[in-house]
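Remarks on the structure that follows.
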Amino acid sequence: MPTSDPDDSHNDWHDHPIRICYRDTDQMGMVYYGNYFTFMEIGRVELLRARGWSYHGMEADGIRIPVIHASCDYRNPALYDDLIRIRTFLTRSTRVRLEFAYEIYCDERSQLLATGETKHVFLDMDNAVTRIGRDVLRRIAGQD
């Protein structure tokens, strides 16, 4: 998985900020561990949107991309009212699969909170594996 300095401006990373709300935390005031997967989804959706392919548009094109693998390594807790930054990087793209890496930071405390990855397969609306067009793949990969 690529790693980055929270201040680097590598063009392949997509950053998206989120403020932690009460609903995100557990009784200890820390973000519930399962919510990190939601943060990764938000990062992935926003990266694709920034590259011109929204989930709404994808489904209108008859494509779905379910998660087939997800992992998260927790380093430091996110806390109520933290402003976190979700960094998303497309690590692999083929006409059948996408793979993403994530880094979640709290810049206010200069802490890496979590890293993760997800793997996805392209399905048509009948849930059969499908291939996307080369033009769409180039756009997703940021080559347009």
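In region 59-74, the residues that are over 16 Å from Phe39 (Cα atoms) reach residues that are of a type in the set (Val, Ile, Thr) and at pLDDT below 95 with C-beta atoms within less than 9 angstrom, at least six apart or across chains, in these pairs: Asp61/Ile132; Asp61/Val136; Ile63/Ile132; Ile63/Val136.
Taking the criterion of being within 19 Å of His14 (Cα to Cα), under 12 Å from the mean Cα position of the chain (by Cα) and touching a residue at least 24 places away in the same chain (Cβ under 8 Å), would at least one residue in region 119-141 satisfy it? Yes, that holds for at least one residue.
Residues that are of a type in the set (D, E, K, R) and in contact with a Phe, Trp or Tyr (Cβ under 9 Å, 6 or more places away or on another chain) were ranked within region 108-142; the one that is surrounded by the most Cβ atoms within 10 Å (Cβ to Cβ) is Glu117. If you go through region 76-107 and pick out every residue that is surrounded by fewer than 21 Cβ atoms within 10 Å (Cβ to Cβ) and hydroxyl-bearing (Ser, Thr, Tyr), you end up with 4. In the set (1) in contact (Cβ under 8 Å) with a residue 12 or more places away in the chain; (2) surrounded by fewer than 15 Cβ atoms within 10 Å (Cβ to Cβ), the condition left unmet by Leu47 is number (2).
Taken as a whole, the condition of being in contact (Cβ under 8 Å) with a residue 24 or more places away in the chain, farther than 30 Å from Gln27 by Cβ and within 19 Å of the chain's Cα centre (by Cα) does not apply to Pro77.
The values are calculated or read from the model by the stated rules, or taken from the named source; none is laboratory data. For clarity, every value in this text was computed on a predicted model and none was experimentally measured. Cβ atoms come from the backbone with ideal geometry, glycine included; neighbour counts cover every protein chain shown.
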